[in-house]
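J.: My questions will all concern the structure given below.
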Amino acid sequence: MRLDKLILARNPGFSRSRIEGLVKSGFVTVNGATAEKAGMKVSEDDDIEVEIPPPVPAVPEPEDIPLDILYEDGDMLVLDKPAGMVVHPAPGHFTGTLVNALLARCPGLSGIGGVARPGIVHRLDQYTSGVMVVAKSQKAMEGLAKAFASHEHVEKTYLAVCRGRPRLDSGRIENMIGRHPVDRKRMAVLERGGKRAVTNWRILSGAAAIEGLSVIECRIETGRTHQIRVHMASLGCPVAGDAVYGRPSLDRRLEPAPARQMLHAWRLKLWHPVENRQMEFEAPVPPDMKEYMKWTT
């Protein structure tokens, strides 16, 4: 029997789409292992557990949270997101998000692009710091959303402090990334399925890292979930401090031990969605990353 049909038989109040969403988000296990897909074959004797995440409030509340603004006009806002801040409300993070802070700073933002994620056209992981752009008008929302979806006229450059050193000084990774076939909360490089992911990387000549680490500049042509973290791990040089794809036992030996993945959205180049002019922004390297690197030029 299919997993989704068995869950539906045991929980008639669920819909097929609800079950599929729970599976994709990693909330369903079969015999202790995260379910691979909603259509996987199971038996009546299998131990199937379904975790129901708490509901997300329909409308986020404004919260007076300071933001580091790099640029702002009537159509868009560019900021330096701190590590640790979640972009929008989600299970376990109903308050203290970037969206909550934006609603307090920009009262007219509500409804731009939807009430749950107003103004949000792209995201950074909770523990990734750096440049983000937010739409403040519907016209800007449409223009930015189109640009980020097509990856045209948008250039995103990250800095990563990684374990070890790649065999070459630079390279290009192009493959398919999708949900891990066993652990649905992780992403992985897949031979079949997934979505195209491209990362151009180079060891940064203007920076050096402490022994055992390297500073790598990553310019991404696509924006897949955990893309850089997965690609650096595939090189054998995972991002330092990455508890999911990295080497936590080695990270704990660093002084100080990193409290998060050492990944920073450093530069963002794009065209203004309304004024049609090219703009470029840079977020300074945060202090916790500077602990592991020094500029040589």
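J.: From the list GLY171, GLY241, GLY206, which residue is modelled with pLDDT of 95 or more and more than 18 Å from the chain's Cα centre (by Cα)?
T.: Step by step, each of GLY171, GLY241, GLY206 is checked, and only GLY171 is modelled with pLDDT of 95 or more and more than 18 Å from the chain's Cα centre (by Cα).
J.: If you don't mind, there's one more thing I want to ask. Mind listing just one residue for me: the one in the range 83-126 that is closer than 23 Å to PRO284 by Cα and among the basic types (Lys, Arg) and, of those, surrounded by the most Cβ atoms within 10 Å (Cβ to Cβ)?
T.: Here the answer is ARG105.
J.: If I ask for residues that are outside any loop (DSSP other than H, G, I, E, B), of a type in the set (A, V, I, L, M, F, W, C) and under 30 Å from ALA35 (Cα atoms), which ones from the range 152-185 would you list?
T.: ILE173, MET176, ILE177, listed by residue number.
J.: Let me ask something else about it. May I ask you to verify whether PRO66 is loosely packed, with under 13 Cβ neighbours inside 10 Å, over 21 Å from GLU142 (Cα atoms) and modelled with pLDDT under 90?
T.: no
J.: Could you tell me whether VAL131 is of a type in the set (Val, Ile, Thr) and closer than 30 Å to LEU204 by Cβ?
T.: So VAL131 passes the test.
J.: Working carefully through the options GLU282, GLU255, find the one that is touching a residue at least 12 places away in the same chain (Cβ under 8 Å) and more than 16 Å from the chain's Cα centre (by Cα).
T.: Selected residue: GLU282, the only one of GLU282, GLU255 that is touching a residue at least 12 places away in the same chain (Cβ under 8 Å) and more than 16 Å from the chain's Cα centre (by Cα).
J.: If we only count strands (runs of 3 or more DSSP E) wholly inside the range 20-82, which ones have 3 or more residues that are under 30 Å from VAL285 (Cβ atoms) and of a type outside the set (Gly, Ala, Ser)?
T.: In the range 20-82, the matching strands (runs of 3 or more DSSP E) lie at 69-72, 76-81.
J.: Which residue pairs have Cβ atoms closer than 6 Å, lie 6 or more positions apart in sequence or on different chains, and pair a first residue in the range 70-85 that is among the aromatic types (Phe, Trp, Tyr) with a second residue that is surrounded by 17 or more Cβ atoms within 10 Å (Cβ to Cβ)?
T.: Taking only residues 6 or more apart or on different chains, the pairs are TYR71/VAL78.
J.: Right, next: Report, ordered by the first and then the second residue, all pairs with beta carbons closer than 9 Å, sequence separation of six or more or different chains, a first member in the range 183-207 that is among the acidic types (Asp, Glu), and a second member that is modelled with pLDDT under 95.
T.: Here the result reads ASP183/GLY26; ASP183/ALA33; ASP183/THR34, each pair linking the range 183-207 to a residue that is modelled with pLDDT under 95.
J.: For ASN276, which of the numbered conditions (1) without any contact (Cβ under 8 Å) to a residue 12 or more places away in the chain; (2) over 20 Å from HIS151 (Cβ atoms) fails to hold?
T.: Just one mismatch for ASN276, condition (2).
J.: Just checking, does the range 127-139 include any residue being without any contact (Cβ under 8 Å) to a residue 40 or more places away in the chain, hydroxyl-bearing (Ser, Thr, Tyr) and either part of a loop (DSSP other than H, G, I, E, B) or surrounded by fewer than 18 Cβ atoms within 10 Å (Cβ to Cβ) (or both)?
T.: no
J.: Does LYS195 qualify as being surrounded by fewer than 21 Cβ atoms within 10 Å (Cβ to Cβ), outside the structural domain of VAL133 (by TED's automatic domain parsing) and modelled with pLDDT of 95 or more?
T.: So LYS195 fails the test.
J.: So how many residues does the range 285-296 have that are over 25 Å from ASP242 (Cα atoms) and in a strand (DSSP E or B)?
T.: 0
The values are calculated or read from the model by the stated rules, or taken from the named source; none is laboratory data. Everything numeric in this text was worked out from a predicted model, so none of it was measured. Heads up, the Cβs are rebuilt from the backbone with ideal geometry, glycines too, and the neighbour counts pull from every protein chain shown.
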